[in-house]
Ligand code: ATP
Ligand code: MG
């Protein structure tokens, strides 16, 4: 059976981008057709300036939202990265296979390190080595597929390179995984700056729809979305990034084609109104389930405990095999 792994960082409140680019497919498709693991990758949240209490709170909230989005612990494994030591164990070994040059080339490293410097902060070494830990997250489970949004594709490419290089040097040990992406809304853009990705750790609140935003907040954000000069509704990322983003969001909600959809609208106002309503309806069941789950935190804890145990059992033999292959003496 195909094995699938993917994760989400507790760096902020989850967004419509996270949902359309990743989570929705995990729940609707991946957990039903594969052996799937989904993870709150909390170690990755420590790569930038962070508040310990907030990371803890967001980890619980993220796990609750994964379940609210429809992940079923009877069908897949939901867990927290730091509960399974194998991720950090394998990450070190992969750092010994990667080069600093390939880490420095990562777009996310370049963007996030520039942002940290602009804020007057220093850049944590872990931000540079992050892709080795992400590769470990995936390779520890022998995942064949990694369902992610567009922005993570470069990291999955690097994971493939590291797996292939390790296999070539030390003998076949890892499955070489591949990224999968949604057909529509693989990169949801910020509503106020449609040339930048909607990211949960960005500061610009009005441009980001959070999964737990009240319906009226969602409507307001979408109705105030930045549109482009011109007034006709045209699907073109280059010249009409604002309208194109709305068409992508609406098409993803409806399961339709964004380019075809553009023909159905004569004004930005009508497109915004339909998009706002579609997003409100999309989020409604997630928010309802989230509320019910919050009333039962013991249930979420139990899911995470069982998930970590199952994940540990899967990762252990794989990481032990990598340790042996690279020349480390087994512990007797
Ligand atoms: P951060 O700003 O901290 O990097 P993020 O919003 O990018 O947060 P991640 O935890 O890095 O979220 O990514 C979780 C998943 O959501 C990944 O599969 C990623 O590709 C996807 N994703 C994130 N943002 C978007 C987006 N704007 N559109 C589509 N998919 C997205
Ligand atoms: Mg990200």
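Kindly work out what percent of the DSSP beta bridges joining two residues of the chain are antiparallel, to the nearest 5.
Here the antiparallel bridges make up roughly 10 percent for the chain.
So for region 1-84, averaging the separation of alpha carbon pairs under 8 Å that are six or more residues apart and normalising by length, what relative contact order in percent results?
In percent, rounded to a whole number, it is 43.
If you fit an axis through the alpha-carbon atoms of helix 241-254 and take the longest principal axis of the Cα set of the chain, what angle between them do you get, 0 to 90°, nearest 10?
80 degrees
Can you compute the helix-only [θ] at 222 nm over the chain? Use -39500 (n - 2.57) per DSSP H run of at least 4 residues, normalise by all residues, nearest 500 deg cm²/dmol. Present the calculation step by step, with values, prior to reporting the outcome.
Values: 11 runs with 162 residues, N = 332.
Helix-only estimate at 222 nm: -16000 deg cm²/dmol.
Taking the 0 to 90 degree range and rounding to the nearest ten, how far is the long axis of helix 125-139 tilted relative to the main principal axis of the chain, both from C-alpha atoms?
Once rounded, the angle reads 80 degrees.
For helix 297-326, what angle does its Cα long axis make with the longest principal axis of the chain, in degrees from 0 to 90 and rounded to 10?
For 297-326 against the chain, the angle is about 50 degrees.
For region 37-94, what does the alpha-carbon gyration tensor say about shape, rounded, prolate or oblate, given a ≥ b ≥ c as the root eigenvalues, a/c under 1.5 as rounded, and a/b over b/c as prolate?
Verdict is oblate for region 37-94.
So if R0 is 45 Å, what FRET efficiency would residue 306 and residue 214 give, r being the distance between their Cβ atoms, rounded to the nearest 0.05?
0.85
Take region 205-291, drop everything but the C-alpha atoms, weight them equally and run the Debye formula without solvent; then report log10 I(q)/I(0) at 0.10, 0.16, 0.19, 0.26 Å⁻¹ to two decimals.
-0.24, -0.59, -0.81, -1.34
Below 8 Å, C-alpha to C-alpha, sequence gap of six or more: please give me the relative contact order for region 205-291 in percent.
33 percent
Could you work out the relative contact order of the chain? I mean the mean sequence separation of Cα pairs under 8 Å and 6+ apart, divided by the number of residues, in percent.
So the answer I get is 22 percent.
No value in this document is a laboratory result; all are computed from the given coordinates. Please read all numbers here as calculations on a predicted model, not as lab measurements. Here the Cβ is made from the backbone with ideal geometry for all residues, glycine too, and neighbour counts use every protein chain on show.
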